[in-house]
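Below is one structure, written out as structure tokens, with a few remarks after it.
The values are calculated or read from the model by the stated rules, or taken from the named source; none is laboratory data. Computed from a predicted structure; not experimentally measured. Cβ placement follows ideal geometry from the backbone for every residue including glycine, while neighbour counts extend to all protein chains displayed.
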Amino acid sequence: MRRALITGITGQDGQYLAELLHSKNYEVFGLVKGQNNPRIDMIRAEYPYVELVSADLQDLSSLVGALEQVQPDEVYNLGAISFVALSFKQAELTANVTGLGVLRLLEAIRMVGGPDHKIRFYQASSSEMFGKVRESPQTEETPFYPRSPYGCAKVFGHDITVNHRDSYGLFACSGILFNHESPRRGIEFVTRKITNAVARIKLGLQETVALGNLEPRRDWGFAGDYVDAMWRMLQQDEPGDYVVATGRTHSVRDFLNAAFGHVGLEDWERFVTQDPRFFRPAEVDLLVGDATKAREELGWKPQVDFETLVSMMVDHDLQLEARKAGIDLP
Ligand code: NDP
Ligand code: GDR
């Protein structure tokens, strides 16, 4: 049985990746941080096959200890401060976890993996690195121009991954993933914030939702599809970097239209207010990825389209909120 260690196991992607690797007969280990982290109980209850290991991306010796304990064949580094808005307020923490955390994990792999570097490494890079985009669509060759402390930290994480591959021959891959969503998406991100509000408004539990800028455009895909691309990268003969995207872009406004439309509320403007608190000091206006390399070399393509993704998330939140409120759905 192959052994995989996932950092960020309690996050959206960690959960989908754990399921995927378990279905492929891996022994799955999940790195968890903190002394009383409430999300650990959720992982124990819902993913009982995941063995939990305690460590923190801010603490090198804990990472060395985790790798020595697990002796993984593959490491997926999904752990990060991943919320762009938070990164403006806690820039140093973001640089430390999302940026330097990658270096610490790579160094730990060099220490524990031995001279033959048998541990394969995946880094969760991001389309946020393209920021103020230099060209559209964005490819593996598009220059970076990050627009947030999060984007800057991800550029460092990406570059140091490439550096360790070039300098030490590590099998290290970087997946430049565009936004991917699901019913497991954190409620702080705009898609889930909208689908949850749509459900609550439809059920009469809430009147309006306050948002920031409605004009930015994102290339939104389904998280379940994207973790498959991560796995495929580590199965190649040679390590590389890959853009993972759908190639279609929609605005926040389009997302609102689709989500409210799905429950028959066509006049969504009357349920949405705008609040300066949700605007960012600098915005990423447009992202759209060209995943030709992933398609040709990994045989990867997305299975879930934008409309299906929105419906899936709204339907999930309708069930969830109805259950919490004790409402019987027809
Ligand atoms: P989430 O925000 O859902 O999960 C982030 C994870 O990182 C959580 O498990 C969190 O653990 C963990 N974490 C935070 N701080 C530390 C730390 N100091 N040490 C160890 N672990 C830590 O993110 P996603 O699942 O959405 O994304 C996974 C990765 O992919 C992230 O690196 C993200 O930046 C990147 N990415 C995501 C995209 C997306 O659209 N989802 C697109 C491109 C890249 P805890 O629960 O304990 O806080
Ligand atoms: P993003 O995702 O910044 O693209 O990063 P998010 O869903 O937070 O924002 C998308 C766009 O929506 C606009 N927006 C709002 N966003 C939030 N969160 N809340 C609001 O109320 C709101 N109103 C408008 C934002 O300004 C932005 O333009 C995500 C994260 O998962 C990163 O970790 C990942 O790297 C990138 O996707 C790719």
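Some notes on this structure:
- Of the candidates A199, A259, A282, A210, the single residue that is over 25 Å from M129 (Cβ atoms), at pLDDT 95 or above and surrounded by fewer than 20 Cβ atoms within 10 Å (Cβ to Cβ) is A210.
- Yes/no for A245 being under 13 Å from G221 (Cβ atoms) and more than 15 Å from ligand 2 (Cβ to nearest atom): no
- Of everything listed in (1) charged (D, E, K, R); (2) more than 7 Å from ligand 1 (Cβ to nearest atom); (3) surrounded by 15 or more Cβ atoms within 10 Å (Cβ to Cβ), the single unmet condition for D13 is (2).
- Only residues that are under 11 Å from L211 (Cα atoms), more than 21 Å from the chain's Cα centre (by Cα) and either part of a helix (DSSP H, G or I) or among the hydroxyl-bearing types (S, T, Y) (or both) were counted across the range 269-284, and they come to 4.
- The set of residues in the range 9-36 that are among the polar types (S, T, N, Q) and either modelled with pLDDT under 95 or closer than 13 Å to E74 by Cα (or both) comprises Q35, N36.
- Check on E266, charged (D, E, K, R), over 29 Å from P149 (Cα atoms), assigned by TED's automatic domain parsing to the domain that holds A197 and assigned to a loop (DSSP other than H, G, I, E, B): yes
- Selection from the range 166-188 of residues that are within 27 Å of V284 (Cβ to Cβ) and either charged (D, E, K, R) or away from ligand 2 (no atom under 16 Å from the Cβ) (or both): A172, C173, E181, R184, R185, E188
- Residues of the range 196-238 that turn out to be under 17 Å from F260 (Cα atoms), of a type in the set (A, V, I, L, M, F, W, C) and in a helix (DSSP H, G or I), as a count: 4
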